[in-house]
Structures are given as C-alpha cells and as structure tokens.
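Every number here is computed from the coordinates shown, using simple stated rules; none is lab data. What you see is a predicted model, and the numbers here were worked out from it, not measured in a lab. Here the Cβ positions follow ideal geometry from the backbone for every residue, glycine too, while neighbour counts run over all protein chains shown.
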Amino acid sequence: NKNTYLFINQNFESISHLISKSKLFISCHGALTHIASCYNIEILDIIEQDKINHYQRITHHMKKYKSINRENFDKLSEYILKNT
C-alpha cells in the first residue's frame with residue numbers, strides 16, 4: 001500500500017515543494033538530501049562506501065538520516081522495500 005511517483009523535468013522550486021510534502025526521501029546524496037533534512041523528512045541516502053567518512057562529516061546534524069551503501073540495483077531495491 002505504498003505509492004511512488006516519478007516526476008520528470010521539474011524545476012528546483014517544484015522539487016523542493018514535493019520533498020516538503022513527502023514522508024520519506026530516497027536518493028543518492030546531494031543538495032536535495034539537505035532540503036529533505038531542512039523539512040525534517042526521513043532520509044534514506046544512497047552513498048559510496050569509499051566516501052563514508054566524508055558523508056558522516058556533512059550529515060551528522062541530520063536527525064532523520066540513514067545511509068545505505070550503493071550496490072547492485074536488485075540488492076539495493078530489495079533492501080529499500082524491506083526497510084521502509
């Protein structure tokens with residue numbers, strides 16, 4: 001009973017508004033991850049294992065933040081579906 005939407009060719013303001021109305025934000029780390037944090041949205045951040053120290057330094061202030069390692073899409077999607 002979960003809904004997923006895919007929006008294509010949206011501007012930054014539209015994407016920020018969509019994030020503000022979300023319950024969960026899943027993405028590879030970037031500016032939108034920080035926007036989700038500003039709105040206190042639960043975040044599942046897909047990161048590179050070899051950059052984990054860097055990400056820990058720039059995400060330690062995020063309250064509803066969880067990271068997962070980037071890997072094979074089948075494994076990654078299975079993990080996401082089981083843990084969200």
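Just give me a number: lysine pairs in the chain, eight or more positions apart or cross-chain, with C-alpha atoms less than 24 Å apart.
Step by step, the pairs that qualify in the chain add up to 25.
Count the net charge of all other residues whose Cβ sits under 9 Å from the Cβ of K66, scoring Lys and Arg as +1 and Asp and Glu as -1.
Taking every Cβ under 9 Å from that of K66, the sum is -1.
From the square roots a ≥ b ≥ c of the eigenvalues of the alpha-carbon gyration tensor of the chain, which class results: rounded (a/c under 1.5), prolate (a/b over b/c), or oblate?
Oblate.
Explain nothing, just the number: dipole magnitude of the chain about its Cα centre with +1 on each Lys and Arg Cβ and -1 on each Asp and Glu Cβ, in debye rounded to the nearest 20. Don't jump to the answer; show the numbers that get you there.
Numbers: 11 positive and 8 negative charges, 63 e Å.
Approximately 300 debye in magnitude.
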